[in-house]
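**Q** There's a structure below that I have some questions on.
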Amino acid sequence: MNKEALIEKYFSHQLSDAEFNQLKKWIEEDELFKNEFYQQLEIQKTISEANHSQIKERLKRLDNRPKKKNIWYLYAASVTILIILGLLFYKPQQELQGIYAENFEVYPNVINITTRSGSDKENEAAQAFQYYEKGLYGEAVLAFNEAYKNHPEDYLLFYKGVSLLAQHKTNEGINVLLSYDWEKNQSEFAEAANWYLGLAYIKQEQLSIAKLYLQKVMASETHLQIQAQNLLKELD
């Protein structure tokens, strides 16, 4: 599929998992495609939110003014249009950080670890979750990492990623959550991983990528579906 068709499918909410991954890859690796995608986002945002009303009205008033040869007139008109566009598209960093803080909370421990057999696997995982539940996320990261090296279970990687995000180590958390193919392996943590990736990219102010992950969560049938839908509305 060519890039233009992929962008069109994104805006019509028809992307498959494979197409979603391809779109994300092109955004991250192809600067020209990234710029084109951002331009389309801006166009769609303007149409949906303002229907060009503010811009059209301003241009109409400018066109009706007496024409001047002074170049400063053209400069002032350009600046005015850019200000209007900026007001439509700009979401302050402080606002994004607030949205992140309002929506981020550590995922509850849903893994039942029994240590009755005394196996190394159970002891390592149990220790990691003890740190996690006490809010000792630095120790939890180390323990989850050690447990995953010896017994690579997906939930150990997931909770390691969340622990990193809880320490505000956003880049590291993203890298951990991206290191596993949750959908391909049909992990029960797939939607939760996408939710936290969406939040992490909001904190990084990469809204286009954040929305890709949140749209996947919204399309799922999990307890996070409504939260993702509400968050997407807040970001628009």
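The values are calculated or read from the model by the stated rules, or taken from the named source; none is laboratory data. Because the structure is predicted, anything quoted here is derived from the model rather than measured. These accessible areas exclude ligands, DNA and RNA; they are computed on the full protein's heavy atoms, side chains included. Shrake-Rupley method; radii C 1.70, N 1.55, O 1.52, S 1.80 Å.
**Q** In nm, what is the difference between 0.36 nm times the number of residues separating Gln167 and Lys34 and their Cα-Cα distance?
**A** Full extension of this stretch gives 44.9 nm more.
**Q** Percent of accessible area on the stretch 152-236 owned by carbon and sulfur, 1.4 Å probe?
**A** 41 percent
**Q** Please list, ordered by chain and number, the residues whose modelled amide H lies under 5 Å from the amide H of Asp30; skip anything fewer than 5 residues away on the same chain.
**A** Sorted by chain and number, the residues that satisfy this come to none at all.
**Q** Rounded to the nearest whole Å², what accessible area per residue is found for the stretch 139-233 with the 1.4 Å probe?
**A** It amounts to 43 Å² per residue over the stretch 139-233.
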